[in-house]
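Some notes on the structure that comes next.
Taken together, the values in this text are just the output of simple stated rules run on the coordinates, not laboratory data. Everything quoted here is computed from the prediction, not taken from an experiment. For neighbour counting, all protein chains shown are included, and Cβ atoms are generated from backbone atoms with ideal geometry for every residue, glycine included.
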Amino acid sequence: MKKLLDLIKHVASLVAPRLLGWVPKRFKLLYPFYLAGQLHTVEDTHMTPALPAEFDGFTIAYASDIHYGPLFHREEALALFDRLVALQADLTVLGGDYGNSPENALGFFELIPPFPKDRQVVAVLGNHDYGPDWPGMAERLRAQMEQKNIRLLLNQTMLVIRGGTTLAVCGPEDIRSSQPDLEALAREAAEADFVLFIPHSPDIIPKALESSLRFHLALCGHTHGGQLVFFGRSLHSSSVYGDRYRAGWYEENGAYIHVSEGVGTSILPMRIGTRAQIHRLILRRVA
Ligand SMILES: [Fe+2]
């Protein structure tokens, strides 16, 4: 019975996007499709005493789970790029799952123009972007991203330095598709004043909190906010923790975690009870 269900799921995941991808997202009458097409910019201020004064007012633009392909088209992808650039953030973070498949992820980065050279743009990969079945894909994506002025972090840390203080951006490999190296990130971020952790999936959070990595703020995606949510509960969760990290802000062991509901959709171009969103986050220091 389980094998039959898995087979049905697999076939549905292949057929549904092609069948439903053509449904227009502009008619309110087709509300779940309409909702999937309404991209919101969510503004948040994160107040923390851990932030050095030099980074007070630092802005982050964040977008995750674009899922470019049959369900998220060329015009939507280009409009998303323009919106991200228009946010004029100090740091732009791309949270993974750029395509419905690794080929679509590559297609997304071929399609978009380069980010302006004066911007800092970092990215991590999500479970839809690569994995053991796609050898060499991470490096192909890295090369494509470099042409668009995007720095891909694969178990790597980027340091942003202001007036002698350091903000470390720690990008692990995806917990489902690869092997995150939290101890390597911990070593690279050891001297930093503020640590921003940017895993694709919040499923890494419990493991990260047990590791040597001391992060202040994590920005994640992956869950799509549950995508189809009824009475606060998702119909299906892509997280091994169910709805524990479905969407929004969490605090665990003194670390703050934000989970975005994401830009695109998976399998079905529909949302109920969730919003397609990108984020503009302002970091503020409080005494
Ligand atoms: Fe996703």
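Data table
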| quantity | calculated |
| --- | --- |
| Cα-derived Rg to Rh of region 128-287, Kirkwood definition | 0.97 |
| Peptide ranges 235-241, 111-117, 208-214 listed from the most packed, as the mean C-beta count within 10 angstrom indicates | 208-214, 235-241, 111-117 |
| Paramagnetic reach from Leu111 (point 7 Å along Cα→Cβ, amide N under 13 Å) across region 259-284 | 264-265 |
| Rg to Rh quotient for region 2-285, alpha carbon positions, Kirkwood Rh | 0.95 |
| Estimated vicinal HN-Hα couplings, Hz - region 242-249 in sequence order (Karplus 6.51, -1.76, 1.60; Gly, Pro = x) | x, 8, 4, 10, 4, 6, x, 9 |
| Backbone HN-Hα couplings from phi across region 109-120 [Karplus 6.51/-1.76/1.60, Hz, Gly and Pro as x] | 6, 6, 6, 6, x, x, 5, x, 4, 7, 9, 9 |
| Modelled FRET efficiency - R0 30 Å, Arg140 with Arg74, Cβ distances, 0.05 increments | 0.90 |
| Estimated distance in nm for a label pair at Ile161 and Ile282, the labels positioned 7 Å out from Cα along Cα-to-Cβ | 2.9 nm |
| Stretchable slack from Gln147 to Phe230, in nm (0.36 nm times residue separation minus alpha-carbon distance) | 25.7 nm |
| Relative packing of peptides 251-264, 70-83 - highest average C-beta neighbours within 10 Å first | 251-264, 70-83 |
| Spin-label model distance (nm) - Lys207 vs Lys28, 7 Å beyond Cα toward Cβ | 4.5 nm |
| Modelled FRET efficiency - R0 35 Å, Asp118 with Val11, Cβ distances, 0.05 increments | 0.15 |
| Positive-end extreme of charge dipole, region 55-151 - chosen from Ala105, Ala123, Ala143 (charges on Cβ) | Ala143 |
| Under the Karplus curve 6.51 cos²θ - 1.76 cosθ + 1.60, θ = phi - 60°, whole-Hz ³J(HN,Hα) for region 128-145, x wherever Gly or Pro sits | 7, 8, 6, x, x, 6, 10, x, x, 5, 4, 6, 5, 5, 4, 4, 5, 5 |
| DSSP-defined beta bridges in region 48-191 - what % are antiparallel, rounded to 5 | 40 percent |
| Only Lys, Arg (+1) and Asp, Glu (-1) charged, at Cβ; region 125-264 dipole about Cα centre in debye | 260 debye |
| Dimensionless Rg ratio for region 1-124, taking C-alpha atoms and the 2.2 N^0.38 Å reference | 1.32 |
| Cα centre as origin, Lys/Arg/Asp/Glu Cβ charges: region 228-287 dipole, Debye | 200 debye |
